[in-house]
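Starting off with a structure, shown below.
The values are calculated or read from the model by the stated rules, or taken from the named source; none is laboratory data. Just so we're clear, the structure is a prediction, and the values are computed from it rather than from any experiment. Backbone-built Cβ (ideal geometry, glycine too); neighbour counts: all protein chains shown. Each accessible area value is taken on the protein alone, full model and side chains, heavy atoms only, with ligands, DNA and RNA left out. Shrake-Rupley method; radii C 1.70, N 1.55, O 1.52, S 1.80 Å.
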Amino acid sequence: MEFLLFEKIILLILILLSIIIFLLQVRKIINNLRLGKYENRFDKAGKRLKRFLSQVIFQSKVISNRPIVGFSHALVFWGFLFFLLGTLNHFATGFGGTLFGYGLFNEIYSSILTIISILVLIGIISLAVRRYIIKSPWLTYPSPESGIIISLIGILMVTYLILRFYHNGTVLKTSWWIHSITILFFLDYIPMSKHLHLMVCPFNEFFKSFTLAEIRPLDLENLEKEDFGINLISDFSWKDILDGYACILCGRCTEQCPAYNSSKELNPREIVLSVKEAVRKRKIDKPLVENFIPAKVLWQCTTCGACESICPTGVEHLPKIIGLRRFQTAESKFPSEASTVFKNLEKNFNPWNYNPENRNDIIKKLNIPLYKKDETEYLLWMGCFSNYDQEYQKVLSALINVLFAAKVNFGVLEQEKCCGEPARRLGNEFLFQSLVAENIEVLNSLNVKKIITACPHGYRILKEEYKDFNGNFDVFHHSFFIYELIMNGKLKLKHNNEISAVYQDPCYLSRYANITAEPRKIITKTGINLKELKRTKNKSFCCGGGGGTFFLEETEGSRINH
Ligand code: SF4
Ligand code: SF4
């Protein structure tokens, strides 16, 4: 195809104009990211790159979460990547050149692009059917932007196929110009639309934390920093702000949220979008809570992690929710039940009004040995529920029997304070850090190296979150520990083929710690007929007791555990 000089000049002007508009918008986004705090997300570059290849380039997470819809998205994404190079070649032809030459390579690349165009067309038709005909309840409506993007991609694919197979001069040139103008318009439209995620998601996945629901410690020592949690936009990290741009409004987080599913106002997607809205309007002096996010929704979150775990674009919901709770707590704006929990933790070192001495009763009753420095191998961290809750003490009793039967050298602390989990999840970082400091001092004074926990929440805190305070221990959840005992032949099981049982994956074991296989293997090794719930493993449905909500009244909607 030949191009006249004036056509080349027009093309050059259009390209330059499009690039300038695009760069101006990118600059605006970068300026918005700079409203947030600096946070180092450039560490572990090799590990980040590996995850990037798997989750972004090969789209593994999107496809595994929803195979059909995910594969449609993946087709569009792969097509997009392939078309990037093809697009450069397309514009080169407008100036009389070519990137690929006219030989075999060009023919192979063009043939692959042809197949991809057809697959992308199928992909966007299936996405359009889902949005406009099936009308998935988890998508946002109306969404003219989605219609525009679907149309633009459709035009690009159809015009590409015309360019490939049609040889009539006028039709060919008209298609070439439509294809070119659509690309240039697309480039400028993306940063203005929610489809900015096409550009942002790969970065967001790259910078995502390696720990689900990572809660970074507040610097309470340095009073000048006034690090009390999140109140204004400037209290968020730049990654929190990037999350807003990466959100594709797919609604997967909302679909999984136990609070939303029990008719409460909390909607994790709206938390992310509210932050984006505040940033977009540059409301830098306006507190987020009540101006953009209702205070009550913060206390409806069970910190189950389902939202963050399912999100295909690397959005981290929980640092925002806990960060906002922290500031509310620092301002004493928390539910009255939380106030009772804090007072009890300060006075009794457990979240209830139990005398800490009561703990001795269960230790004596079950004949549990005390931990002896340099003699005992494992510390059994009993946890507040085992210490004081009579129902949960059945679990403790069973665990003690198992440890005795397997001749494990274990012991418990003479006095055990709460690990601090409810305080941290309810936003009271000061109380949490003081409990952590006291506990680590005791554990280090006894030279404790290995800890078994009887509770998934204690497991997470002791294993992952004590590290930030120099509390480094080998921590085992009892389900994992028991499985190892069986596999090492230290525990012989009796078989019972007459019982059927259901195993409910605790959020803090399945999603947070990826422990789903061991409990099931233990159950099936006893001969019990294991039945699966509808939502299992890392998609399990929360029991409704996490994030401190166990202690709060559930006043809105239905109860999560019903
Ligand atoms: S952590 Fe769980 S309860 Fe909280 S917003 Fe996410 S899905 Fe909802
Ligand atoms: S936060 Fe993630 S899961 Fe939720 S709507 Fe946005 S992209 Fe989807």
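Of these, Val436, Val442, Val448, which one is in a loop (DSSP other than H, G, I, E, B), in contact (Cβ under 8 Å) with a residue 24 or more places away in the chain and over 13 Å from Met382 (Cα atoms)? Lay out the reasoning, then the answer.
On the way: Val436 fails: in a loop (DSSP other than H, G, I, E, B); Val442 fails: in a loop (DSSP other than H, G, I, E, B).
Testing whether each residue is in a loop (DSSP other than H, G, I, E, B), in contact (Cβ under 8 Å) with a residue 24 or more places away in the chain and over 13 Å from Met382 (Cα atoms) leaves just Val448.
Which residue pairs have Cβ atoms closer than 8 Å, lie 6 or more positions apart in sequence or on different chains, and pair a first residue in region 248-259 that is more than 24 Å from Asn561 (Cβ to Cβ) with a second residue that is more than 6 Å from ligand 2 (Cβ to nearest atom) and hydroxyl-bearing (Ser, Thr, Tyr)?
Leu249/Thr140; Leu249/Ser143
Moving on to the next point. For region 246-256, does any single residue satisfy the condition of being more than 15 Å from ligand 2 (Cβ to nearest atom), on the phi < 0 side of the Ramachandran plot and either buried (at least 22 other Cβ atoms within 10 Å of the Cβ) or over 15 Å from the mean Cα position of the chain (by Cα) (or both)?
Narrowing region 246-256 to residues more than 15 Å from ligand 2 (Cβ to nearest atom): none.
So far as region 246-256 goes, no, none of its residues is more than 15 Å from ligand 2 (Cβ to nearest atom), on the phi < 0 side of the Ramachandran plot and either buried (at least 22 other Cβ atoms within 10 Å of the Cβ) or over 15 Å from the mean Cα position of the chain (by Cα) (or both).
Of (1) touching a Gly at 6+ places or on another chain (Cβ under 8 Å); (2) within 12 Å of ligand 1 (Cβ to nearest atom); (3) β-branched (Val, Ile, Thr), Thr376 satisfies all except one. Which?
It fails just one condition, (2).
Just checking, does region 343-364 include any residue being among the polar types (S, T, N, Q), at pLDDT below 95 and open to solvent by less than 10 Å² (accessible area, probe 1.4 Å)? Walk me through how you get there before you give the answer.
Within region 343-364, the subset among the polar types (S, T, N, Q) is 344, 348, 350, 353, 355, 358, 360.
Filter once more, so that each one left must be at pLDDT below 95: 353, 355, 358, 360.
Then keep just the ones that are open to solvent by less than 10 Å² (accessible area, probe 1.4 Å); that gives none.
Scanning region 343-364 turns up no residue that is among the polar types (S, T, N, Q), at pLDDT below 95 and open to solvent by less than 10 Å² (accessible area, probe 1.4 Å).
List, please: which pairs have Cβ atoms under 9 Å, are six or more places apart or on different chains, and start with a residue in region 212-239 that is in contact (Cβ under 8 Å) with a residue 60 or more places away in the chain and among the polar types (S, T, N, Q) and end with one that is in a loop (DSSP other than H, G, I, E, B) and buried (at least 18 other Cβ atoms within 10 Å of the Cβ)?
Every condition considered, the pairs that remain are Asn231/Pro287; Ser234/Gly36; Ser237/Gly36.
Oh, and also: For region 252-306, which residues satisfy the criterion of being in contact with a Lys or Arg (Cβ under 6 Å, 6 or more places away or on another chain) and more than 9 Å from ligand 1 (Cβ to nearest atom)?
Residue satisfying the conditions is Leu298 alone.
Find all pairs meeting these conditions: Cβ atoms under 6 angstrom apart; at least six residues apart or on different chains; first residue within region 396-425 and at positive phi; second residue aromatic (Phe, Trp, Tyr) and modelled with pLDDT of 95 or more.
From residues that are at positive phi, the pairs are Gly420/Phe432.
Inspect region 382-398 for any residue being modelled with pLDDT of 95 or more and assigned to a loop (DSSP other than H, G, I, E, B) and give the result as yes or no.
yes
Could you list, in sequence order, all residues of region 410-430 that are among the polar types (S, T, N, Q) and out of contact with any helix residue (DSSP H, G or I) (no Cβ under 9 Å at 6 or more places or on another chain)? Can you show your working first?
Kept after step one, since they are among the polar types (S, T, N, Q), are these residues of region 410-430: 415, 428.
Of everything in region 410-430, nothing turns out to be among the polar types (S, T, N, Q) and out of contact with any helix residue (DSSP H, G or I) (no Cβ under 9 Å at 6 or more places or on another chain).
Can you confirm whether Glu205 is open to solvent by less than 60 Å² (accessible area, probe 1.4 Å), more than 16 Å from ligand 1 (Cβ to nearest atom), in contact (Cβ under 8 Å) with a residue 40 or more places away in the chain and within 30 Å of the chain's Cα centre (by Cα)? Give the derivation first.
Numbers: open to solvent by less than 60 Å² (accessible area, probe 1.4 Å): yes; more than 16 Å from ligand 1 (Cβ to nearest atom): yes; in contact (Cβ under 8 Å) with a residue 40 or more places away in the chain: yes; within 30 Å of the chain's Cα centre (by Cα): yes.
Yes; evaluated as a whole, the condition is true for this residue.
How about region 452-507: which of its residues are within 16 Å of ligand 1 (Cβ to nearest atom), assigned to a loop (DSSP other than H, G, I, E, B) and in contact with a strand residue (DSSP E or B) (Cβ under 9 Å, 6 or more places away or on another chain)?
None; the set is empty.
OK, next. Might you let me know whether region 140-148 holds any residue that is surrounded by 15 or more Cβ atoms within 10 Å (Cβ to Cβ), touching a residue at least 12 places away in the same chain (Cβ under 8 Å), in a helix (DSSP H, G or I) and under 27 Å from the mean Cα position of the chain (by Cα)?
Yes.
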